[in-house]
Amino acid sequence: MKHPALKIMQWGALLASGVIAAQVAMIVANGKPFCINDGCGIVESLTTVPPLVVNLAGLLYFLVLFAACRLEVRSRHHRPGFDWLRLLLTLGLVAEGVLLSYQVVVIHTLCSYCLGIFAMIVLLNLLYGWQQIVLAAPLFAAVIVAFTALNFGPTLLTLQRQSMDAGSMAVRKSAQPPVKQRYLFFSSNCPHCRRVLEALPGCDSGALHLNPIDRVKGLTLPGNLTYSDGYSPALNRLVLSLLDIHEVPVLLVRDEEGMTLLEGEKRILDFFAKDCHRQAPQTSEAPAADNPLAGMSVLGAEPPQEGCNVDLDCQDKVAQPGTGARPHN
């Protein structure tokens, strides 16, 4: 092993230690880690170990790696019988392989902070030479293949109600006992979703959660809502992905009898009409513009398309809703 490469590895491990130390300080000060996307929050919500503990373990790992690099530099002419640095690098790459595979294969969401740590560990392994690459690369590949071969469908069962609540941008609580919980998954640029939002019932038949799959900056929403700034659109996408649902709007209803899923504008509007025991308005040739149910599927005129693809923008062929939207960043 060449001395310059070891020096680079040494400073790289020290740099990673500084980054993780800053993340630990952020968690202690603000109660949550810094991340440039929503992936960190999702990974955090689906793990049993607090992020502070995970980061402290990572900080300890890179400090030990830094010490091992310094020891290797000093004893490069008198190499010990066992290569502890090689073992540390291999263990780090395998551990990152498990975390990366979980994000890609199971929850379908990447954590930007985790990717940065992974890139540093890969770089350190590459700097240690071709022998390290020959040893660590097959182990890393084996972890990826193992995760790909496994079926993680039952992962949906691990999503408790508090997880879906973490994706709620706004909640309208019920004055009745919380027998029924309704979660509406929608997109802010989907006209079908907007029509469902406009037609949301005012009856008190259970709690109503609004779970967008994107960041809502301005949208006309019903009244009597309690807003949350810490909602996670990526978590809502994860729920739909685990349910193998690719279009919104989607209504998830949880009650004493279990869970019911309703997909599409017509089914959701029909459910709200029956849930509140409302009568559909009389059909007319020119429905009133201020009637939120006018021209909707509850009148029997099923639209050719009832939802918008989660990953694509839906073409808005209906009139834009009125102004007065509550801006929400």
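List of remarks:
- Of the residues making up the stretch 206-229, those that are modelled with pLDDT under 85, assigned to a strand (DSSP E or B) and of a type outside the set (Gly, Ala, Ser) are Leu219, Thr226, Tyr227.
- Residues within the stretch 154-180 that are crowded, with 16+ Cβ neighbours inside 10 Å, at pLDDT below 85 and among the polar types (S, T, N, Q), tallied: 2
- Contacts under 6 angstrom Cβ, first residue in the stretch 128-151 being more than 13 Å from Tyr102 (Cα to Cα), partner at pLDDT 85 or above and β-branched (Val, Ile, Thr), 6 or more apart: Ala136/Thr90; Leu139/Val94
- When Cys190, Cys203, Cys276 are checked against the criterion of being modelled with pLDDT of 80 or more and in contact with a Cys (Cβ under 6 Å, 6 or more places away or on another chain), Cys190 stands alone in meeting it.
- Single unsatisfied condition, Asp255 versus (1) under 22 Å from the mean Cα position of the chain (by Cα); (2) within 17 Å of Met164 (Cα to Cα); (3) at pLDDT 75 or above: (1)
- Residues (surrounded by fewer than 18 Cβ atoms within 10 Å (Cβ to Cβ), modelled with pLDDT of 85 or more and in a loop (DSSP other than H, G, I, E, B)) located in the stretch 108-153: Gly129
- Some residue of the stretch 184-201 being without any contact (Cβ under 8 Å) to a residue 60 or more places away in the chain and surrounded by fewer than 16 Cβ atoms within 10 Å (Cβ to Cβ): no
- In summary, Val43 fulfils each of the numbered conditions (1) surrounded by 15 or more Cβ atoms within 10 Å (Cβ to Cβ); (2) within 25 Å of Arg237 (Cβ to Cβ); (3) at pLDDT 80 or above with the single exception of condition (3).
- Inter-residue pairs, beta-carbon under 6 Å, first at negative phi and not assigned by TED's automatic domain parsing to the domain that holds Ser205 and in the stretch 251-275, second part of a helix (DSSP H, G or I) and among the aliphatic types (A, V, I, L, M), 6+ apart: none
The values are calculated or read from the model by the stated rules, or taken from the named source; none is laboratory data. Not measured: the values here are computed from a predicted model. Cβ coordinates were reconstructed from backbone atoms using ideal geometry, including for glycine residues, and neighbour counts include every protein chain displayed.
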